[in-house]
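Each remark here refers to the structure printed beneath this line.
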Amino acid sequence: MLEPLRIGGDRPLTLEDVARVARGGIAVALAPEARVRMERSRAVVDRIVAGGQGAPSVYGINTGFGALARVRIEADKVRELQRNLVRSHSVGLGAPYPTDVVRAIVLLRAQTLALGHSGVRPLLVDGLLAMLARGVHPIVPSRGSVGASGDLAPLAHVALALIGEGEAQVGGARLPTAEALSRAGLTPLALEAKEGLSLINGTQAMTADGALAVLDAEALARTADIAGAMTLEAVMGSARAFDPRIHALRPHPGQAASARLLARLCAGSGIARAHADCPKVQDPYSLRCMPQVHGATRDGLAFAHAVLEREIASVTDNPLVFAEADEILSGGNFHGQPVAMALDLAAIATAELGSISERRVEQLVNPDFSTGLPPFLAPSEEGLHSGFMIAQVTAAALVAESKILCHPASVDSIPSSAGREDHVSMGAHAARKLAQVVENVRLVLAIELCAAAQGLDLRRPLVPGRGVAAAYAAVRACVTPLVADRPLSGDIEAAARAIADGAVLAAVEREIGKLD
């Protein structure tokens, strides 16, 4: 049995850890040293509450919230204050986040509390981890965060589930949370001073949504190299542009990695040998510049990956408790700007994979470019069959939508909370846009895989490089050759599933080894 993932310990969580919990369902536990830190910081909060009227006013402990921070709250109203805060902030709307994103949100909320500067009882983290372990997933609407004091509305719906209110899914059923907890053998919690605020104040919704999308985008960057190599072979392009000497003169790490993978994919190509002496001098940019374009995407995603891992290792609520100094400080770690800007870049970087892929599909279907392939890769009787004509149009539509979605969310701001929250990040918007761009690009690459596989069929008996051949076989495992016009939507969706579940990447890795 696998050891549980420990949060709040010395080893920071990675994006891969988040995916293992969100999608793989591995167990999570609170590190013992984290429990000790949490108890120490909780003692500071308890002393303030016990001080009653003689205690100083401390935001979120014995005061109201936001524009009501000047209002003093009596000690006997503290529990009611925290419960009301969670209820009043649960105003999310629209489609719920997918289950994997909800699991990531719950994990990351537990993780930031476990770092021991929020002043909450370990019982709250235990409760969040118990929901993960028992498969109780709060219904968290995806609309309503401006990324100011973090993701207030989405996180409030998570906190609502912890106190037994709202709705949750368990065993595939959507139920009132109290019933869902009961079915799972769990009991709602009563929140003490500061605990409601600590549960809803932070960037965990945008970070969770963005983290899973960035991981998916990184897989698409490798898939784009594979699809591009298949197209290069199908149109009888040249792999000489991937010579490492070229890329050593422009040492961007992503460019070098993409060039290495493209060269490996095409190694041993019989198609390349067959046209070694052709009169073509250079290929179009969509083929020749794949390392430069795909590589820039890799570097942009690497930046976003690093920002998100720093955010996961951060304490993002307010105020923050420093137990060693017996002090509580108010600041702004909840502001989502670092995450929002990184996710905007990730969306731009990912969209470019789709943009250049669509241009490669044009190389495949346009007889002016495709060096002997039939127009639109139509299987027979020119004019009777349309082949991949409209598949390229669909790719163009998806690329156009992604371009629209690449308008940066992080440059927008709408003041809220009576002007107290007068600059906001729109980080949740950035994450949601990125997730949609990832989905669009996956579909564009699926179109390219299907079209390139058809092109390779039409080159028989010539055979491509080993890596390309492995990718071709993975596509053909779920998409049959086009021998007469048929609806292609199902083929494209099947190829997209093979991308999403890693089947294409795994097939290539089995043949040529671990991918860059």
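Taken over segment 457-478, the criterion of being of a type in the set (A, V, I, L, M), surrounded by fewer than 24 Cβ atoms within 10 Å (Cβ to Cβ) and either touching a residue at least 40 places away in the same chain (Cβ under 8 Å) or assigned to a loop (DSSP other than H, G, I, E, B) (or both) is satisfied by Leu458, Leu462, Val463, Ala469, Ala470, Ala477. Has segment 346-363 got at least one residue that is part of a loop (DSSP other than H, G, I, E, B) and open to solvent by less than 10 Å² (accessible area, probe 1.4 Å)? Scanning segment 346-363 turns up no residue that is part of a loop (DSSP other than H, G, I, E, B) and open to solvent by less than 10 Å² (accessible area, probe 1.4 Å). Do we find a residue being touching a Phe, Trp or Tyr at 6+ places or on another chain (Cβ under 9 Å), open to solvent by less than 30 Å² (accessible area, probe 1.4 Å) and modelled with pLDDT under 95 anywhere in segment 153-165? The answer is no, given that none of the residues of segment 153-165 is touching a Phe, Trp or Tyr at 6+ places or on another chain (Cβ under 9 Å), open to solvent by less than 30 Å² (accessible area, probe 1.4 Å) and modelled with pLDDT under 95. Entry remark, segment 296-342: residues being closer than 30 Å to Arg260 by Cβ and in contact with a His (Cβ under 9 Å, 6 or more places away or on another chain) number 4 in total. If you check Val44, Val28, Val49, which single one turns out to be under 19 Å from Ala110 (Cα atoms) and among the aliphatic types (A, V, I, L, M)? Of Val44, Val28, Val49, the one residue that is under 19 Å from Ala110 (Cα atoms) and among the aliphatic types (A, V, I, L, M) is Val28. Scanning segment 65-98 for residues that are open to solvent by less than 60 Å² (accessible area, probe 1.4 Å) and β-branched (Val, Ile, Thr) turns up Ile73, Val78, Val86. The numbered conditions (1) open to solvent by 10 Å² or more (accessible area, probe 1.4 Å); (2) part of a helix (DSSP H, G or I); (3) under 21 Å from Ala19 (Cβ atoms) are all true for Lys514 except (2).
Of all residues in segment 270-281, none are more than 22 Å from Glu233 (Cβ to Cβ), free of Cβ contacts under 8 Å to residues at least 24 places away in the same chain and out of contact with any Phe, Trp or Tyr (no Cβ under 7 Å at 6 or more places or on another chain).
Screening Glu309 with (1) of a type in the set (Asp, Glu); (2) open to solvent by 40 Å² or more (accessible area, probe 1.4 Å); (3) within 30 Å of Arg460 (Cβ to Cβ) gives one miss only, at (3). Among the residues of segment 380-395, just one is surrounded by fewer than 17 Cβ atoms within 10 Å (Cβ to Cβ), of a type outside the set (Val, Ile, Thr) and either in contact with a strand residue (DSSP E or B) (Cβ under 9 Å, 6 or more places away or on another chain) or part of a helix (DSSP H, G or I) (or both), namely Met389. For the condition assigned to a loop (DSSP other than H, G, I, E, B), open to solvent by 70 Å² or more (accessible area, probe 1.4 Å) and under 26 Å from Leu301 (Cβ atoms), His423 does not qualify. What do you reckon, is Val437 part of a loop (DSSP other than H, G, I, E, B) and touching a residue at least 24 places away in the same chain (Cβ under 8 Å)? No, not satisfied. Of the residues screened, Glu362 is one that is within 27 Å of Gly295 (Cβ to Cβ) and among the acidic types (Asp, Glu). Leu377 meets all of the listed conditions (1) among the hydrophobic types (A, V, I, L, M, F, W, C); (2) farther than 30 Å from Ser118 by Cα; (3) open to solvent by 20 Å² or more (accessible area, probe 1.4 Å); (4) touching a Gly at 6+ places or on another chain (Cβ under 7 Å) but one, namely (3).
Matching residues to (1) closer than 15 Å to Asp209 by Cβ; (2) among the hydroxyl-bearing types (Ser, Thr, Tyr):
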| site | (1), (2) |
| --- | --- |
| Gly119 | no, no |
| Ser145 | yes, yes |
| Gly150 | yes, no |
| Leu175 | no, no |
| Pro188 | no, no |
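The set of residues in segment 240-258 being of a type outside the set (A, V, I, L, M, F, W, C) and over 15 Å from Gly300 (Cβ atoms) consists of Arg240, Asp243, Pro244, Arg245, His247, Arg250, Pro251. Taking the criterion of being open to solvent by 10 Å² or more (accessible area, probe 1.4 Å) and assigned to a loop (DSSP other than H, G, I, E, B), the residues of segment 121-137 that qualify are Arg121, Gly135. Look at (1) polar (S, T, N, Q); (2) within 16 Å of Ala205 (Cα to Cα); (3) without any contact (Cβ under 8 Å) to a residue 60 or more places away in the chain and you find that Ser90 fails only one, number (3). All conditions but one from (1) without any contact (Cβ under 8 Å) to a residue 40 or more places away in the chain; (2) in a helix (DSSP H, G or I); (3) out of contact with any His (no Cβ under 8 Å at 6 or more places or on another chain) apply to Val293; the one that does not is (1).
You will find that of Ser41, Ser118, the residue that is under 25 Å from Thr14 (Cα atoms), of a type in the set (S, T, N, Q), open to solvent by less than 20 Å² (accessible area, probe 1.4 Å) and at pLDDT 95 or above is Ser118 and no other. Give me the pairs, please: first residue somewhere in segment 1-13 and within 17 Å of Pro32 (Cβ to Cβ), second residue anywhere and modelled with pLDDT under 95 and assigned to a loop (DSSP other than H, G, I, E, B), beta-carbon distance under 7 Å, and either six or more positions apart or on two chains. Taking only residues 6 or more apart or on different chains, not a single pair turns up.
The values are calculated or read from the model by the stated rules, or taken from the named source; none is laboratory data. No experiment lies behind these values; they were computed from the predicted model shown. Counting neighbours? That spans all protein chains shown, and the Cβs are built from the backbone with ideal geometry, glycine included. Accessible surface areas use protein heavy atoms only, side chains included; no ligands, DNA or RNA. Shrake-Rupley method; radii C 1.70, N 1.55, O 1.52, S 1.80 Å.
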